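Engineer: So that we are looking at the same thing, I have put the structure below in structure tokens.
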Amino acid sequence: MEKVKKNNRVVYVGVNDRAVDLFEGMYVVPNGVSYNSYIIFGGKTAVMDTVDHRFSAEWLANIKKAVFAADSRPDYLVVSHMEPDHSGSIAEFMRIFPDVKIVGNSKTFVMLAEYFPELDAEKTPERFIAVKDGDTLDLGDGELKFIFAPMVHWPEVMVEFDTADGTLYSADGFGKFGALDCDEPWDDEARRYYIGIVGKYGAQVQALFKKLAGLEIKTIRPLHGPVLSDDLGHYLGLYDKWSSYTPESDGVMIAYTSVYGHTKKAAAALKNKLDAAGTHCEIFDLARADRAECVARAFKYGKLVLATTTYNGEVFPAMREFIAWLVERNYQNRKVALIENGTWAPVAAKAMQTMLEKCKGIEYVAEPIKIRAAADAETDAALDALVTALA
Ligand code: FEO
């Protein structure tokens, strides 16, 4: 991460959260998460977003240190996104800097008053600057251009382009799980973050890309994860794939559940056969692996094999929940194969197909493979045929 240095035009004042157990109440984050916030010292001084309320004190100390070093005071607080991981410290900030103007849009201000009734733009309009899509704010040495990004990932979201240095303040976009002091590759945790949290809104991300076309973006400063400045084409390319539901890889993901190991054995046999055929493949036990990671991997690959047991005349719960997460995130345009197991009345394949009817562009590469209790020679032959179909 960039270091805070005296006289930097842009100073990082965000925080690392390594205490959170579940981000957004549902995502495990073994390496924590960062809540990013920046100060731009142009002729005017703009604070870019706040942090989760649990870190208000640390964040405010960072701000005081930065403005003291710059011999400045904040003029503006830009609110890109009202989700509480970024808005949670607004009220505390305004108690310390009551003359600062809050910069947002009409949707921002409705949410702001809901969270903080004392910050009501209708009652004290002099404390607020309402911007419209495409508006600019003069910072003295450049302008902040506001570009609305509705549903990336809430309706009020906007991103800002700083004309002075070509920085895009991208809100949740280009964010990543993991605190800034952890050393891990960007792609996997950014994919898990994006697919999990914004995956449903690919069309809105694509719409934002159209609005950003023509801007000479040199740096991306998201609200989570590292600043991106090198090889921007890599990050933009991945975002284009994720938001257009295009696979990154032609490989296969096998996702299975197994009660007594028989379905697992068949799934593992398929993995071995795919490996032997030279087809890249990853296999996940849905009852034990992190679900968000499994969902992100399903989006990574162009082909998905679902293997599960019949359970209460339906699908085994971990598989049902996995497919529900895929559907909720607009999983589409993939090749799929199904393996079902059932000792007396296997119906899981039909149930999975019914769930996947909500997904566009699903192509079944073969008839479902039916296992009666334990895989046999017939299963083995069907798996061989499936390997050929998946190749
Ligand atoms: Fe990081 Fe949608 O908040």
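Engineer: Which residues, counting only those in the stretch 224-243, are touching a helix residue (DSSP H, G or I) at 6+ places or on another chain (Cβ under 6 Å) and among the hydroxyl-bearing types (Ser, Thr, Tyr)?
Structural biologist: We begin by selecting, within the stretch 224-243, every residue touching a helix residue (DSSP H, G or I) at 6+ places or on another chain (Cβ under 6 Å); these are 228, 242-243.
If the condition is that a residue be touching a helix residue (DSSP H, G or I) at 6+ places or on another chain (Cβ under 6 Å) and among the hydroxyl-bearing types (Ser, Thr, Tyr), then 243 is the only one that fits.
Engineer: Among the residues of the stretch 310-319, are any open to solvent by 50 Å² or more (accessible area, probe 1.4 Å), of a type in the set (Asp, Glu) and in contact with a helix residue (DSSP H, G or I) (Cβ under 7 Å, 6 or more places away or on another chain)?
Structural biologist: Yes, because at least one residue in the stretch 310-319 is open to solvent by 50 Å² or more (accessible area, probe 1.4 Å), of a type in the set (Asp, Glu) and in contact with a helix residue (DSSP H, G or I) (Cβ under 7 Å, 6 or more places away or on another chain).
Engineer: Identify the residue in the stretch 46-66 that is assigned to a helix (DSSP H, G or I) and touching a strand residue (DSSP E or B) at 6+ places or on another chain (Cβ under 7 Å) and, among all such residues, is surrounded by the most Cβ atoms within 10 Å (Cβ to Cβ). It would help to see each step written out before you state the result.
Structural biologist: Going residue by residue through the stretch 46-66, those that are assigned to a helix (DSSP H, G or I) are 53-66.
Narrowing further to those that are touching a strand residue (DSSP E or B) at 6+ places or on another chain (Cβ under 7 Å): 55, 58-59, 63, 66.
Values: 55: 21, 58: 17, 59: 24, 63: 21, 66: 22.
Going through the qualifying residues, I end up with 59.
Engineer: Could you look through the stretch 148-178, keep only residues that are surrounded by fewer than 20 Cβ atoms within 10 Å (Cβ to Cβ) and of a type outside the set (D, E, K, R), and pick out the one that is nearest to the ligand (Cβ to nearest atom)?
Structural biologist: Among residues in the stretch 148-178 that are surrounded by fewer than 20 Cβ atoms within 10 Å (Cβ to Cβ) and of a type outside the set (D, E, K, R), the one nearest to the ligand (Cβ to nearest atom) is 154.
Engineer: I'd like to know if the stretch 255-275 contains one or more residues that are under 14 Å from residue 299 (Cβ atoms), buried (at least 18 other Cβ atoms within 10 Å of the Cβ) and charged (D, E, K, R).
Structural biologist: Taking every residue of the stretch 255-275 in turn, none turns out to be under 14 Å from residue 299 (Cβ atoms), buried (at least 18 other Cβ atoms within 10 Å of the Cβ) and charged (D, E, K, R).
The values are calculated or read from the model by the stated rules, or taken from the named source; none is laboratory data. Quick caveat: nothing in here was measured; it's all calculated off a predicted structure. Backbone-built Cβ (ideal geometry, glycine too); neighbour counts: all protein chains shown. Ligands, DNA and RNA are stripped out before the accessible areas are found, and what is left, the full protein with its side chains, is counted by its heavy atoms. Shrake-Rupley method; radii C 1.70, N 1.55, O 1.52, S 1.80 Å.
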